Structures are given as C-alpha cells and as structure tokens.
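Each value in this text was obtained by applying a stated rule to the coordinates, not by laboratory testing. What you see is a predicted model; the values in this text were computed from it and never measured. Virtual Cβ from ideal backbone geometry, glycine too; neighbours counted across all protein chains shown.
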Amino acid sequence: MNQRQEIMQAWNRYSATAYRTPQFQKAQAFFTMMDQRPDICWDDLVTEFRRNYYDAFDVIVPVLMSTDNPLVMYNCVRFADLNNPKEADAAKTFIKNCDAQKHQLSLQSLAAVPNLQSELNQKPGLPEPVRAALGQKS
C-alpha cells in the first residue's frame, strides 16, 4: 500500500470518533487537500503544512505517526524542524513508542540530533546501525 493510502486510512480511523474542534477542522482540510492532490510530493506537502495547517499540528502529526509506516515516519523525521520544541517532543514520543527494528532508518537519522541522543540512549533494543550512529560500541 502506498503512503498516501495509509495516511488516509489513518485519518479515516481517527476522524470517525474525533471531537470536532477547530484543530480537527483544519486537519480535515489538510488531509482533504493531500488526498485531492495525488501529484504532491513530500517537499510541497511539508511547505503547505507549515504555511497553512501548522496550527493543527497536534492532530495531523499523531495521525501520521499512527500509520507506523517506516517510509511515512522517515519522511516525517526528514522534514522535522528538531530545533522547534513541539517537533522535538513529537520525535521523542516517536522514539519512545516505535519498533526500533522497523524504524531503524528514522532512528539512525535522529541519532545525529544532539538533543535527542539521550532519549535514544534510553531506548532498549536499538539496532547496530543506530547504536553506531550514537557512537555506542557493540
């Protein structure tokens, strides 16, 4: 299944029972826009998100994370502004809750971020490439 389908399935699961707040409405507009633009790439999607939908961060990002799709999560990590405390907190939540084997590419990327290294060092079962990126010995 492609990333867009998995994201839309995650949104449909979430939106079926979510309370209709202004953030929810903004998130709904974001996911509708994404669904209606099959040509949109991650670069453009992130630009659109930051420009027009960032105030729905607390709805949109957890929906993306709920896909548990390694490629979706890698793209989220790749485009995250980890100097922003809100985005760094989302990355910390991801680190705590993810399957380290399944998401090792994302974790390896996050290992390069100094303010996330202590969180990663606390994660049990890190794969060798992630430990190496953290400077840990085998």
| task | Kindly provide the helix-only [θ] at 222 nm of the chain, computed as the sum of -39,500 (n - 2.57) over DSSP H runs of four or more divided by all residues, to the nearest 500 deg cm²/dmol? | result | -19000 deg cm²/dmol
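Dipole magnitude of the chain about its Cα centre, charges +1 at Lys/Arg Cβ and -1 at Asp/Glu Cβ only, in debye to the nearest 20? Write down the numbers at each step before the final one.
Details: 15 positive and 15 negative charges, 54 e Å.
Approximately 260 debye in magnitude.
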| Inter-label distance, nm, simple model (7 Å from Cα along the C-beta direction), residue 3/residue 97 | 2.0
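Apply the a/c threshold of 1.5 to the C-alpha gyration tensor of region 1-67 and tell me whether it is rounded, prolate or oblate.
On the way: a/c = 1.79, a/b = 1.15, b/c = 1.55.
Judged from the Cα gyration tensor, region 1-67 comes out oblate (a/c at least 1.5, b/c at or above a/b).
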| said: Going Cα to Cα from residue 96, which lysines come in below 20 Å? Please leave out same-chain ones fewer than 8 positions away. | reply: 86, 123
| message | Explain nothing, just the number: relative contact order of the chain, from Cα pairs under 8 Å at least 6 residues apart, as a whole percent. | response | 20
